[in-house]
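Have a look at the structure below before the remarks.
The values are calculated or read from the model by the stated rules, or taken from the named source; none is laboratory data. What you see is a predicted model, and the numbers here were worked out from it, not measured in a lab. FYI the Cβ positions are ideal-geometry reconstructions off the backbone, even for glycines, and counts take in every protein chain you see.
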Amino acid sequence: MSFESQQQRVPAFVAGSPRSVAVVGAGMVGLSTAWFLQEAGVHVTVYERQHVGAGASWGNAGWLTPGLTAPLPEPAVLRYGLRAVLSPRSPVYLPLRADPGLLRFISSFVAHSTARRWRRGMAAYVPLNERALEAFDVLAAGGVTAPTSRPDTFLACFARKRDAWGLLAELHQIREAGQDVRFHAVEGWRTRALEPALTDRVGAAIRIYGQRYLDPPQFVRALADAVRARGGDIVEGADVTELRPRPDGVLLGHGAGDKRQHDAVVVATGALLGQLAARFGVRRPVQAGRGYSFSVPAEQLPAGPLYFAKQRVACTPLGGRLRVAGMMEFRRPDDPLDPRRVTAIVDAVRPFLAGVNLDDRLEEWVGSRPCTPDGLPLVGVTACPRVFVAGGHGMWGITLGPITGQLMAQAVLKGEAPRDLAPFDPLR
Ligand SMILES: Cc1cc2nc3c(=O)[nH]c(=O)nc-3n(C[C@H](O)[C@H](O)[C@H](O)COP(=O)(O)OP(=O)(O)OC[C@H]3O[C@@H](n4cnc5c(N)ncnc54)[C@H](O)[C@@H]3O)c2cc1C
């Protein structure tokens, strides 16, 4: 029986009452939510089926780029995607034998890929984007020790000037939507002067200002350490399989039959969000948009992130090596890593990088972006007033993790979502 059919029997959540909250999922979103709940004196227990950062929050590019954070479905992505999806070498890959769930996701994604819906989605993102970096500063001030870097150069690179037009147009649209983003176009020769790790095949670039980046494994570890240091519990190896609302709490069951009751539960399980959330009225699917990354040595590391926008590859200097990340592969989250995708990323960026040994790869990784068909996350209360969800941020869950956690904590404490979360209502 779904929760909705029995919800009359569950009493309304009493605002301000939660003392013990469970968070399911120890990724950027779950850990940030736990941390901000602790700010209000709540005891948190984080349940994680594998280990801290086992999901998408580990091998991603680490960009904190509110200036680029926008809904994924839009007319240009669609035109580009439809041309590219069927080739294993293309940066977007859709298997020929898609299951019915994936087909439903794709058809809904296509329906949302209009300019009008993009503008509406963008307007919803703006208030979150504006506060996204500030939320990292709150974490830092509160004792999360991993730094965020503020690079001088953040360069989107293109082979030809006209290849840059698409991103320039998108940046203008983001600005028209009310987002503060500063950028300017750079000639090819100037680009190489700015960044010696680029070859003369880079014919144009866009320099974007005011963005940051971090080292994802380092940051997620530091966030988990901070949650523990403030008295929270993180239970690793706990695959949560059951959430049962009761009159005075939610009974949470995991693994070998262990059960414990909490006043409220936040489901932050990334690409697997639907597994626990669907029975609480969350119907919007969350589909794994799998991405790949690896790290390589460089004679001279770039001074900041590099974005090969046409190839959809992100490069970030991390821990003395260059992390190279890309690809959008619509497959099941637990499918094995496909080496052809790594090769496709290498081939895509090889012409543009100088002094970078793309064949000396370490840490080859695949992880699942939690993608929704309308490109907006699912953040707020479900049909059960004690069960909340926070996830579905797609390409931008690192940038938006802390601000999501901050707003989510307010939602849990008050029993209703703050205004800025209204467009992300998980029951929409
Ligand atoms: C290649 C790549 C590059 C990216 N680059 C960027 C970037 O530069 N900037 C940016 O902002 N975003 C980026 N992203 C997106 C970002 O990584 C994700 O949006 C973000 O990590 C999602 O965080 P999350 O906490 O929602 O999910 P996850 O990090 O996936 O965490 C969910 C956790 O829940 C656990 N879990 C699942 N089910 C259960 C269960 N039943 N019980 C217990 N635990 C469970 C999982 O093991 C996992 O640890 C990138 C993604 C990829 C793949």
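Quick notes on this structure:
- Matching option when the condition is over 28 Å from Phe424 (Cα atoms) and either in contact with a strand residue (DSSP E or B) (Cβ under 7 Å, 6 or more places away or on another chain) or away from the ligand (no atom under 14 Å from the Cβ) (or both), among Arg244, Arg290, Arg207, Arg283: Arg207
- Residue that is surrounded by the most Cβ atoms within 10 Å (Cβ to Cβ), among those in segment 168-189 that are in a helix (DSSP H, G or I) and in contact with a strand residue (DSSP E or B) (Cβ under 8 Å, 6 or more places away or on another chain): Leu171
- Output for segment 32-52, where each listed residue is surrounded by 24 or more Cβ atoms within 10 Å (Cβ to Cβ) and either out of contact with any Pro (no Cβ under 7 Å at 6 or more places or on another chain) or assigned by TED's automatic domain parsing to the domain that holds Gly367 (or both): Thr33, Ala34, Trp35, Phe36, Leu37, Val44, Val46, Tyr47, Glu48
- Listed by first and then second residue, the pairs with beta-carbon distance under 7 Å, at least 6 apart or on different chains, first residue in segment 214-237 and over 21 Å from Arg49 (Cβ atoms), second part of a helix (DSSP H, G or I), are Ala226/Trp35; Arg230/Gln38.
- Taking first residues from segment 298-316 that are surrounded by fewer than 18 Cβ atoms within 10 Å (Cβ to Cβ) and partners that are of a type in the set (Val, Ile, Thr), the Cβ contacts under 7 Å between residues at least 6 apart in sequence or on separate chains come to Ala303/Thr153.
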